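Since every read-out is calculated from the coordinates, none of them should be taken as a lab result. Just so it is clear, the model here is predicted, and its values are computed rather than measured. A quick note on method: Cβ atoms are made from the backbone with ideal geometry, for glycine too, and the neighbour counts reach across all protein chains shown.
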Amino acid sequence: MVCFCVLEKEQRLVYILGEIFSVDHTTGPEMLDISKDNFRQKLSRARKDLYSFMNNKCGLIKKAIPCRCERKTKSFIKLGWVDKEQLMFNTSDLRTIYKVAPQKSNDLLDIIDTEYSALFKSHPFQEKDHIKSLFTNLLLEDRITDLFNLE
């Protein structure tokens, strides 16, 4: 599971665009209204931060490292950041990413196929503003922000 909690919102957006959607260094910066160099740097830093966290602090990646999730969660509850009565990630129905990912993937494909495919096909591909608006609108879609926890 990718732990997006270590990344700030902008880093998550850049990481999702660049790493997951493979948005290139020309389109990504246009969507986020930043320079190409800035986009590449932010993507590089997001990767570095995420991988550093996962490799140095996550017991799921390196078994020799003790898992700190329980301790952190207790602190988050004390700070009021987590409501122990309504936990988002600890439900009575424990599932793995392998079980959830196919449905999430199908949900994403349904969104893209039904709503954005027609929009994409109705405009010339070579128009840069079209690609920017397509992905910008995609990232503003409630179902997408929920799917990738971008709120």
| message | For a quick check: sort Y15, Y51 by the number of other beta carbons within 10 angstrom, fewest at the front. | response | Y51, Y15
| query | Fewest first, what order do L79, L13 take by the number of other Cβ atoms within 10 Å? | reply | L79, L13
| field | Relative contact order computed over segment 1-90 (Cα-Cα under 8 Å; 6+ residues apart), in percent | value | 21 percent
| task | Using the structure shown, list the pairs from K57/K104; K9/K63; K63/K132; K36/K78 with a Cα-Cα distance above 30 Å, or answer none. | result | K63/K132; K36/K78
